[in-house]
Structures are given as C-alpha cells and as structure tokens.
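Structure first, commentary second.
The values are calculated or read from the model by the stated rules, or taken from the named source; none is laboratory data. Every value quoted in this text rests on a predicted model; they were computed, and no experiment measured them. Methodologically, a virtual Cβ is constructed for each residue, glycine included, from the backbone with ideal geometry; neighbour enumeration extends over all protein chains shown.
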Amino acid sequence: MLLFARARHDDEFDRLDSRLVYTTGKISAHPNIHTIIPEEVRFTLDARHQDPTVIRQVLEIINRIPEEVEKCQVSWKEAWSRKTVRFTPELVDFVEKSAGDYGYTHMRMFSGPGHDAQYVVDVIPTAMIFVPSLGGHSHCELEYTPAENCLKGTNVLLRTLLYIDQQQDLSN
C-alpha cells in the first residue's frame, strides 16, 4: 500500500486545480489472499476536469512515475479518455432558471462521466439535469435518490421544456 500511495501522487494532483476530481475506482491484488504479500497489484485512476490542459498535466505527473519504486516494477497505460463537452448555454440557462423558479437549490456543475449527452451535443442543442442522491453517492451500489428529488428534477425538466417552447413561439 505504500507503493500505491507513492504512485498516486495525490499531493501533486491537489496542487493542479481545485476543480480536478480524481479517484481510485478499482484495486486488485494477485494472489488476493490475506496472508500472502501479492506479487502484482493493479489499480485504476480516474481523473476528470473540464480543461483538457489540466488533464494533460495529470498525465505528465503520471509519466514521471519511475519504472521501479521500492524494488517493484511500475507501469501504466491510458485505458479511456473523452473530449471535454460544452452544453448549449441557452439550455443550461433555462435549466438554471427553472430550478430557481421553483426555489430549488441548484448549481452549475461539470459532469465527468461519459453520458450519452456528450455525443448528442454535436447533433442537437443539449443540457443535463442532475438531482442529488443521498450522501452524494453516484454510479455505485449506495446510490439512492428519493422520489421527492426525482419529482423536483421532473419539474425542472417540464419548466425547461416550457421555456424552450415559449422561445420557439417568439422566433416564429
């Protein structure tokens, strides 16, 4: 685990930008037996930021990891990446206005996971509405969103669609 901590370089990542989000999603050891020191440990590092320059800096830090640490061989490969996507500003404004109309707490946020919307935005105007899950858990077994929060998201969606419809009426 010492090697794991040294290989992660959290202190360097933390100095890059306060909006950088990174996590270790998977750790596997072989053999995976509690009484044996593993001969191989693999882990994933997921880093997300809206500015591709910051992601390049993360990769530069990873590239500086030596090939051997504490007599252990170290290697890495990039398993997945995606382009940074900017949603349609007017639609994002409608979503924010709709949440405000209802008096719901809201915030603009950058979403790092690969949602379908990141591909649709190249074809049609696109925005996303997120609703809070209990404890902030997302994309995991602990994720749970109360029906009340889902209803609020539905209200925001409906109001947003009404704003879009109203705008269409004005432009015709």
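Quick check on region 1-22. Is at least one of its residues surrounded by 10 or more Cβ atoms within 10 Å (Cβ to Cβ), of a type in the set (Gly, Ala, Ser) and without any contact (Cβ under 8 Å) to a residue 40 or more places away in the chain? No; the residues of region 1-22 include none that is surrounded by 10 or more Cβ atoms within 10 Å (Cβ to Cβ), of a type in the set (Gly, Ala, Ser) and without any contact (Cβ under 8 Å) to a residue 40 or more places away in the chain.
A search for C-beta distances below 8 Å between a residue of region 56-74 that is closer than 18 Å to Glu40 by Cβ and any residue that is in a strand (DSSP E or B), counting only pairs 6+ apart in sequence or on different chains, returns Glu67/Gln73; Val74/Glu68. Is region 53-60 home to any residue that is assigned to a strand (DSSP E or B), within 25 Å of Ser138 (Cα to Cα) and not assigned by TED's automatic domain parsing to the domain that holds Met109? Scanning region 53-60, I find no residue that is assigned to a strand (DSSP E or B), within 25 Å of Ser138 (Cα to Cα) and not assigned by TED's automatic domain parsing to the domain that holds Met109, so the answer is no. Scanning region 85-102 for residues that are surrounded by 14 or more Cβ atoms within 10 Å (Cβ to Cβ) and modelled with pLDDT under 90, which turns out farthest from Lys152 (Cα to Cα)? Here the answer is Val85. Here is a list of conditions, (1) surrounded by 15 or more Cβ atoms within 10 Å (Cβ to Cβ); (2) farther than 24 Å from Tyr22 by Cβ; (3) small (Gly, Ala, Ser), and Ser133 meets all of them except one; can you say which number that is? Here Ser133 clears every test but (2).
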